[in-house]
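Everything below concerns the one structure shown next.
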Amino acid sequence: MEGTLFPNRPAFPGPTTKPATPSQPNPPLKFNATTLPLPSPSPPPPSLPLDSLLQHLLRLSPPKTKTSTTKQYPSLSISSSSSSSSQKQNTHLTKPSSTLPVLHKFKNRVDEADEDSSLEFLSSKGKYLLNSILNQPILNLNTFFNSIHSELIEYDHVSLLKGLDLSGNWEKALILFQWFLSNSNDSQKPKLDHQAIEVMVRILGRESQHSIASKLFDEIPIEDYSLDIRAYTTVLHSYSQTAKYERAISLFELIKKKGLNPTLVTYNVMLDVYGKMGRSWNKVLELLNEMRSKGLELDEFTCSTVISACGREGLLEEASKFFAGLKSQGYVPGTVTYNALLHVYGKAGVYSEALSILNEMEENNCPPDSVTYNELVAAYVRAGFYDEGAGVIETMTSRGIMPNAVTYTTVINAYGKAGKEDKALSLFDQMKQSGCVPNACTYNAILGMLGKKSRSEDMVKILCEMKSNGCIPNRVTWNTMLALCGNKGMQKYVNRVFSEMKNCGFEPDRDTFNTLISAYGRCGSGIDAAKMYEEMIRAGFSPCVTTYNALLNALARRGDWKAAESVILDMKNKGFKPSETSYSLMLQCYAKAGYVEGIREIEEEIYSGQIFPSWMLLRTLVLANAKCRVLAGMERAFEELRKHGYKHDLVLFNSMLSIYAKNRMYDRAHDLMHLIRENGLQPDLVTYNSLMDMYARGGECWRAEEILNGLQKSGGKPDLVSYNTVIKGFCRQGLMQEALRTMSVMTTMGIRPCIVTYNTFVAGYAGKGMFEEVTDVISYMIQHDCRPNELTYKIVIDGYCKTNKYKEAMDFISKIREMDPSFDDLSVQRLAVRVRENVEL
């Protein structure tokens with residue numbers, strides 16, 4: 001196994017012992033405040049000042065939009081993405097005079113080719129009404145409409161809506177439409193006809209106001225109207241964009257029952273609906289057959305939409321077959337279709353296939369664009385090749401294709417997740433220097449990365465930079481802030497941020513609910529996560545794979561693998577295909593619980609080809625096996641990673657090294673150190689701590705100290721684990737003065753001992769029968785506010801029992817409450833039972 005795992009490994013010297021008699025301080029060190037003073041308590045680690053950050057975010061977010069919608073439709077609001085052409089004026093509201101103002105605004109109006117280029121279709125009264133509406137502030141419109149109720153009822157409302165649209169005042173057209181709608185039950189009934197609805201559909205579709213459209217047409221019994229197929233298609237698109245997939249499917253069936261013939265665009269929208277909804281591959285195939293039976297030729301959008309649907313569900317094989325089938329029928333893929341296929345492989349981290357697709361594009365003279373390279377970047381970073389992904393930026397520039405915000409953000413996000421904040425921030429600066437303007441996604445990635453490191457001052461700077469660049473915090477920014485609250489005991493912050501988010505006018509979408517479920521899970525509040533899932537369903541959002549993964553994440557943190565298996569079963573029963581993230585979370589859940597059998601089941605599915613062996617899954621297999629100390633499983637997964645050409649990272653190497661250290665496998669550990677450097681990585685503190693642990697366990701305490709000293713000389717900063725490991729090595733060999741000397745150095749460096757440090761000394765002294773010194777350690781602990789735990793006293797009485805000093809053990813137990821009044825009676829009784837059990841043996 002060694003030969004295949006670490007080929008061509010160099011020879012390393014074996015562990016050595018230090019033969020010399022160690023120089024001991026004079027006088028000998030003892031556990032008392034005179035010879036062994038402790039430094040002041042260390043300040044607590046930096047935490048994220050969420051109160052301050054939340055206030056900054058509230059100041060930077062726009063105030064909640066208050067549109068003059070009617071009481072019947074308070075939820076409708078104008079999207080901030082569209083610029084309003086209406087100016088708010090502080091004019092006194094009066095009824096318009098009889099003199100018709102001149103309509104100067106429309107002299108140079110250029111409109112769409114299929115619309116009138118003037119307002120001649122309006123009568124004099126229509127122009128009078130239109131101009132009166134235009135002269136009103138938007139917030140006063142409903143009051144104004146009520147004041148001219150009879151005039152509006154009598155006039156052709158379709159012409160007025162068209163006139164407002166032609167004048168560039170679609171917001172006022174929306175408010176007028178809503179006013180007509182809210183007054184439809186009036187006795188005089190200004191009844192809306194299908195033409196008015198079609199006009200409004202066209203307006204909202206053109207302005208990309210999908211949220212408003214979907215809410216508005218949920219309120220209108222649209223099935224009672226006979227709209228044209230173009231209008232219905234626009235409504236379907238709005239439902240697709242707002243994740244109202246079931247509503248879209250119902251409307252599509254109604255369209256066909258009405259005898260209307262869906263166009264190619266209509267079918268493309270419905271393919272997008274099924275693709276986004278998930279668990280619908282069979283439905284996608286049915287739609288494709290239906291399109292072919294009607295003689296509709298698939299276009300670039302059709303093909304890319306179908307392939308993208310495969311990407312969302314990880315259907316690599318289906319995507320490949322569909323693409324091959326297209327080409328066999330003579331279809332010549334364009335850039336958009338190739339980009340969709342690149343996305344499928346990029347999402348799975350299969351960079352080798354992504355490169356093959358890029359080569360095929362070049363061979364077929366299909367020019368790659370920025371999206372092509374963005375997908376290639378995504379493929380690299382998903383396979384762990386972060387620097388290679390960053391290198392694509394230079395390739396793009398050399399080929400005359402400028403990297404955009406998506407390109408930079410993909411790599412920045414990857415660096416952040418890999419803990420390489422400096423590289424991420426450096427690339428962020430490079431992005432701005434190149435003239436590429438960061439977008440909200442870029443800023444959100446930076447904020448999330450900085451938040452994980454509690455760099456609050458830098459986060460405030462980023463928020464201010466967003467504001468100065470006109471990039472207003474959006475729903476994703478708030479979702480990012482929610483995600484940062486996902487730590488133990490921070491449920492109240494999750495609730496508060498969610499409340500403030502809604503106060504700023506950001507209604508939760510499915511991503512928000514998924515974020516909330518994940519945040520509550522990380523807070524350790526599985527009950528709140530489950531409640532949020534139920535609330536999501538009540539809000540009308542269908543769960544997706546991401547939702548289930550959020551639930552799995554919550555369960556994985558506590559190792560509840562039985563509940564996690566139920567989630568996976570529910571996914572499959574509802575037609576969802578678990579993603580690589582789903583299986584990765586299951587492996588983590590099994591590892592947390594130490595359930596090796598569960599790991600083996602997924603392992604076999606991966607190796608047999610039932611589950612694609614992605615970088616994420618093979619890497620998780622290495623870590624899960626390492627956590628459960630399954631050496632063979634760990635090494636097999638590592639070998640599979642190498643076989644597929646995936647990148648290794650330091651976290652993976654450190655996990656493997658820890659296992660080798662615990663098993664005192666010196667050769668493997670040294671080989672792995674060589675491989676770390678061979679992969680261009682630098683060992684970190686965790687790496688060196690594992691090496692020290694290996695030598696300490698093997699009795700090579702001097703070698704462990706040698707590594708510790710080498711770490712200090714090279715500018716590294718040993719931590720408490722480093723010193724505890726060396727102390728453990730000396731105590732196990734009975735070299736108590738050397739252990740005390742190491743602790744003295746540790747405290748000189750400003751690191752205070754912890755309960756592990758003291759228990760190690762207690763074990764060392766008890767093992768040598770030095771029970772007076774044991775008492776000194778315990779007194780020293782209490783004096784310095786580190787209360788002994790039950791394990792401390794167990795170590796002591798076990799030391800007595802091993803030398804058959806049972807009476808002394810009982811005497812020691814009787815004095816515990818005198819030394820440590822905080823130690824409870826029940827624990828004292830358990831210790832006494834432990835001694836009696838040893839006597840009986």
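The values are calculated or read from the model by the stated rules, or taken from the named source; none is laboratory data. Just so we're clear, the structure is a prediction, and the values are computed from it rather than from any experiment. Cβ: placed from backbone, ideal geometry, glycine included. Neighbour counts: every protein chain shown. Note: accessible area is taken over every heavy atom of the protein model, side chains too, but ligands, DNA and RNA are not part of it. Shrake-Rupley method; radii C 1.70, N 1.55, O 1.52, S 1.80 Å.
For the stretch 257-274, check the following and say yes or no: at least one residue is modelled with pLDDT under 85 and open to solvent by 10 Å² or more (accessible area, probe 1.4 Å). Before the answer, list the steps.
Our first condition is that a residue be modelled with pLDDT under 85; within the stretch 257-274, this holds for none.
So far as the stretch 257-274 goes, no, none of its residues is modelled with pLDDT under 85 and open to solvent by 10 Å² or more (accessible area, probe 1.4 Å).
Does residue 753 meet the test of being of a type outside the set (Ser, Thr, Tyr), within 30 Å of residue 709 (Cα to Cα) and either more than 49 Å from the chain's Cα centre (by Cα) or not in a helix (DSSP H, G or I) (or both)? Working first, answer last.
Values: of a type outside the set (Ser, Thr, Tyr): yes; within 30 Å of residue 709 (Cα to Cα): yes; either more than 49 Å from the chain's Cα centre (by Cα) or not in a helix (DSSP H, G or I) (or both): yes.
Yes; evaluated as a whole, the condition is true for this residue.
Quick one: which of 757, 803 is without any contact (Cβ under 8 Å) to a residue 60 or more places away in the chain and under 16 Å from residue 36 (Cα atoms)? Break it down into steps so the answer makes sense when it comes.
Numbers: 803 fails: under 16 Å from residue 36 (Cα atoms).
Step by step, each of 757, 803 is checked, and only 757 is without any contact (Cβ under 8 Å) to a residue 60 or more places away in the chain and under 16 Å from residue 36 (Cα atoms).
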Exercise for the section: Starting from the stretch 578-599, take each residue that is on the phi > 0 side of the Ramachandran plot and list its partners that are surrounded by fewer than 23 Cβ atoms within 10 Å (Cβ to Cβ), counting only C-beta distances under 9 angstrom and pairs at least six apart or across chains. Expected result: 594/559; 594/627; 594/628
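Out of 214, 208, 159, I need the residue that is of a type in the set (S, T, N, Q), outside any helix (DSSP H, G or I) and under 25 Å from residue 229 (Cβ atoms). Which one? Working first, answer last.
Working: 214 fails: outside any helix (DSSP H, G or I); 159 fails: outside any helix (DSSP H, G or I).
Result: 208 is the single residue among 214, 208, 159 that is of a type in the set (S, T, N, Q), outside any helix (DSSP H, G or I) and under 25 Å from residue 229 (Cβ atoms).
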Practice task
Please give the number of the condition residue 190 fails out of (1) at pLDDT 80 or above; (2) under 17 Å from residue 126 (Cα atoms).
Solution key: (1)
Exercise for the section: Go through the stretch 323-340 and count every residue that is in contact with a helix residue (DSSP H, G or I) (Cβ under 7 Å, 6 or more places away or on another chain), assigned to a helix (DSSP H, G or I) and open to solvent by less than 60 Å² (accessible area, probe 1.4 Å). Expected result: 7
Handout entry: Residues (small (Gly, Ala, Ser) and open to solvent by less than 50 Å² (accessible area, probe 1.4 Å)) located in the stretch 341-361
Key = 346, 348, 349, 354
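Among 810, 781, which is among the aliphatic types (A, V, I, L, M) and either open to solvent by 30 Å² or more (accessible area, probe 1.4 Å) or assigned to a loop (DSSP other than H, G, I, E, B) (or both)?
Result of the check over 810, 781: 810.
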Completion exercise
Of the residues in the stretch 278-322, those that are hydrophobic (A, V, I, L, M, F, W, C), within 25 Å of the chain's Cα centre (by Cα), surrounded by fewer than 22 Cβ atoms within 10 Å (Cβ to Cβ) and in a helix (DSSP H, G or I) number 1
Handout entry: Cβ-Cβ under 7 Å pairs, at least 6 apart or on other chains, the stretch 457-480 side open to solvent by less than 50 Å² (accessible area, probe 1.4 Å), far side of a type in the set (Asp, Glu)
Key = 479/511
Exercise for the section: Identify, by number, the condition in (1) open to solvent by 10 Å² or more (accessible area, probe 1.4 Å); (2) at pLDDT 90 or above; (3) not aromatic (Phe, Trp, Tyr) that residue 817 doesn't meet. Expected result: (2)
Handout entry: Index of the failed condition, residue 218 passing every other in (1) farther than 22 Å from residue 130 by Cβ; (2) in contact with a Leu (Cβ under 8 Å, 6 or more places away or on another chain)
Key = (2)
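Working carefully through the options 681, 672, find the one that is open to solvent by less than 50 Å² (accessible area, probe 1.4 Å) and without any contact (Cβ under 8 Å) to a residue 60 or more places away in the chain.
681
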Handout entry: Contacts under 8 angstrom Cβ, first residue in the stretch 279-300 being touching a residue at least 60 places away in the same chain (Cβ under 8 Å), partner outside any helix (DSSP H, G or I) and open to solvent by 50 Å² or more (accessible area, probe 1.4 Å), 6 or more apart
Key = 279/574; 279/577
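Looking at the stretch 519-551 only, could you name the residues that are part of a helix (DSSP H, G or I), more than 24 Å from residue 575 (Cα to Cα), touching a residue at least 12 places away in the same chain (Cβ under 8 Å) and over 17 Å from the mean Cα position of the chain (by Cα)? Working first, answer last.
Applying the first criterion (part of a helix (DSSP H, G or I)) to the stretch 519-551 yields 519-522, 526-538, 545-551.
Now drop any that are not more than 24 Å from residue 575 (Cα to Cα), which leaves 519-522, 526-528.
Cutting the leftovers down to touching a residue at least 12 places away in the same chain (Cβ under 8 Å) gives us 519-522, 526, 528.
Across the stretch 519-551, the qualifying residues are 526, 528.
Name every residue in the stretch 792-825 that is out of contact with any Leu (no Cβ under 8 Å at 6 or more places or on another chain), among the hydrophobic types (A, V, I, L, M, F, W, C) and under 13 Å from residue 767 (Cα atoms), in order of residue number.
Step one: of the stretch 792-825, the residues out of contact with any Leu (no Cβ under 8 Å at 6 or more places or on another chain) are 792, 795-796, 798-812, 814-815, 817-825.
This time we only want the ones that are among the hydrophobic types (A, V, I, L, M, F, W, C), so: 795-796, 801, 809-810, 812, 819, 823.
Scanning the stretch 792-825 gives 795, 796, 801.
Is it the case that some residue within the stretch 178-200 is among the β-branched types (Val, Ile, Thr), in a helix (DSSP H, G or I) and either surrounded by fewer than 17 Cβ atoms within 10 Å (Cβ to Cβ) or in contact (Cβ under 8 Å) with a residue 60 or more places away in the chain (or both)?
Going through the stretch 178-200, the residues among the β-branched types (Val, Ile, Thr) turn out to be 197, 199.
The next check asks that each one be in a helix (DSSP H, G or I); those that pass are 197, 199.
From the residues that got through so far, the ones that are either surrounded by fewer than 17 Cβ atoms within 10 Å (Cβ to Cβ) or in contact (Cβ under 8 Å) with a residue 60 or more places away in the chain (or both) too are none.
The answer is no; no qualifying residue exists.
Scan the stretch 212-226 for residues that are in contact (Cβ under 8 Å) with a residue 24 or more places away in the chain and either buried (at least 21 other Cβ atoms within 10 Å of the Cβ) or of a type in the set (Asp, Glu) (or both) and jot them down. Outline the logic, then answer.
Initially, the stretch 212-226 is screened for residues in contact (Cβ under 8 Å) with a residue 24 or more places away in the chain, giving 212-216, 218-220, 222-223, 225-226.
Passing the criteria: 212, 213, 214, 216, 218, 219, 223.
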Exercise for the section: Please determine, by comparing only the residues of the stretch 561-579 that are open to solvent by 30 Å² or more (accessible area, probe 1.4 Å), touching a Lys or Arg at 6+ places or on another chain (Cβ under 9 Å) and of a type outside the set (Gly, Ala, Ser), which one is farthest from residue 625 (Cα to Cα). Expected result: 574
